[in-house]
1. Kindly indicate whether PRO34 is touching a residue at least 40 places away in the same chain (Cβ under 8 Å), out of contact with any helix residue (DSSP H, G or I) (no Cβ under 8 Å at 6 or more places or on another chain) and not polar (S, T, N, Q).
2. When region 72-121 is examined, which residues are found to be farther than 25 Å from VAL153 by Cα, among the aliphatic types (A, V, I, L, M) and at pLDDT 80 or above?
3. Which of the residues belonging to region 20-31 are touching a helix residue (DSSP H, G or I) at 6+ places or on another chain (Cβ under 9 Å) and among the acidic types (Asp, Glu)?
4. Does LEU56 satisfy being surrounded by 13 or more Cβ atoms within 10 Å (Cβ to Cβ), touching a helix residue (DSSP H, G or I) at 6+ places or on another chain (Cβ under 8 Å) and within 23 Å of LEU132 (Cβ to Cβ)?
5. State the number of residues belonging to region 48-69 that are without any contact (Cβ under 8 Å) to a residue 60 or more places away in the chain and either in contact with a Lys or Arg (Cβ under 9 Å, 6 or more places away or on another chain) or closer than 15 Å to GLU123 by Cβ (or both).
6. Got at least one residue in region 16-34 being more than 23 Å from SER79 (Cβ to Cβ) and surrounded by fewer than 20 Cβ atoms within 10 Å (Cβ to Cβ)?
7. Can you work out which of the residues in region 134-150 that are assigned to a helix (DSSP H, G or I) and more than 17 Å from the chain's Cα centre (by Cα) is nearest to VAL48 (Cα to Cα)?
8. Looking at region 13-39, which of the residues that are assigned to a helix (DSSP H, G or I) and of a type in the set (Lys, Arg) is farthest from THR156 (Cα to Cα)?
Amino acid sequence: MPLTQLLLDSWSRNCKILDSVCTLLTEENKALRPSPSSWTLDRQLAHVHNTRTYFLSQIAPNFVTGFDEIADDSDLPLSELKMALTSSGAALASGLAAGGPMQGGYVTYENPVLFVQHMIWHEGWHAGQIFLALRENGQEPAEDWEEANVWGVWRTETWE
C-alpha cells in the first residue's frame, strides 16, 4: 500500500476511535475532569478540534475555510462539538491527500508521517484524559467496548 494511503488509513482509524470516545460523553458528564486542574471532557475535545484547525491553517490553509475555533468558555452542545470534530478530521484527511509541503507559519514537518504521528499521539493523549476522568467517576467503559472501539480498530490479527 502506498505511504499516502497508509497515512490516510491511520488517520481514519484515529478519527474512528475519537468518534467512539465521543459517544461516551453526555451532557451530564461532559464537565468531568481527570484531575481538579485539568480541562473538562468537552474542553479536551474542543482543544483537539482547535489543534486540528490550527495545524491545517498553517500547512494547508485552503482546507480550513469555514472552521471556527471553539472558545475556552464555550458551552457548545455535544452534538455540535462532535460535528466539528468530524469536519476537522475530514478536512485534515483532505489536506493530507492533497499533498504539498507540510510547513507554514510556525509549523514545519520534514515529512507527512511525522505530522500524522504527532496528531495521533496528541489525540490519543486527550482520549486517555477522557478515559481517566470517566474511570475516576465510575463511568469507565467495559473492556469489550474498548476492544471493539479502540484496540480492535488498530488490530488486524484475530485474538482467541
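1. No: the conditions fail for PRO34.
2. LEU76
3. Our first condition is that a residue be touching a helix residue (DSSP H, G or I) at 6+ places or on another chain (Cβ under 9 Å); within region 20-31, this holds for 20-27, 29-31.
Passing the criteria: only GLU27.
4. On the way: surrounded by 13 or more Cβ atoms within 10 Å (Cβ to Cβ): yes; touching a helix residue (DSSP H, G or I) at 6+ places or on another chain (Cβ under 8 Å): yes; within 23 Å of LEU132 (Cβ to Cβ): no.
The answer is no for LEU56.
5. Step one: list which residues in region 48-69 are without any contact (Cβ under 8 Å) to a residue 60 or more places away in the chain, which gives 49-50, 53-54, 56-69.
If we keep only those that are either in contact with a Lys or Arg (Cβ under 9 Å, 6 or more places away or on another chain) or closer than 15 Å to GLU123 by Cβ (or both) as well, we get 49-50, 53-54, 56, 64, 67.
Going through region 48-69 one residue at a time, the tally reaches 7.
6. No - not one qualifying residue is present in region 16-34.
7. Narrowing region 134-150 to residues assigned to a helix (DSSP H, G or I): 134-136, 143-150.
Restricting the remaining residues to those that are more than 17 Å from the chain's Cα centre (by Cα) gives 134-136, 143-145, 147-148.
Details: LEU134: 18, ARG135: 21, GLU136: 22, GLU143: 25, ASP144: 26, TRP145: 22, GLU147: 23, ALA148: 22 Å.
If we take residues in region 134-150 being assigned to a helix (DSSP H, G or I) and more than 17 Å from the chain's Cα centre (by Cα), then LEU134 is nearest to VAL48 (Cα to Cα).
8. Restricting attention to region 13-39, the residues satisfying the condition of being assigned to a helix (DSSP H, G or I) are 13-22.
Pick out the ones that are also of a type in the set (Lys, Arg) and you get 13, 16.
Numbers: ARG13: 12, LYS16: 15 Å.
So, considering only residues that are assigned to a helix (DSSP H, G or I) and of a type in the set (Lys, Arg), the one farthest from THR156 (Cα to Cα) is LYS16.
The values are calculated or read from the model by the stated rules, or taken from the named source; none is laboratory data. Here the structure is a predicted model, which is why all the values come from computation and not from measurement. Note that each Cβ is placed from the backbone with ideal geometry, even for glycine, and that neighbours are counted across all protein chains shown.
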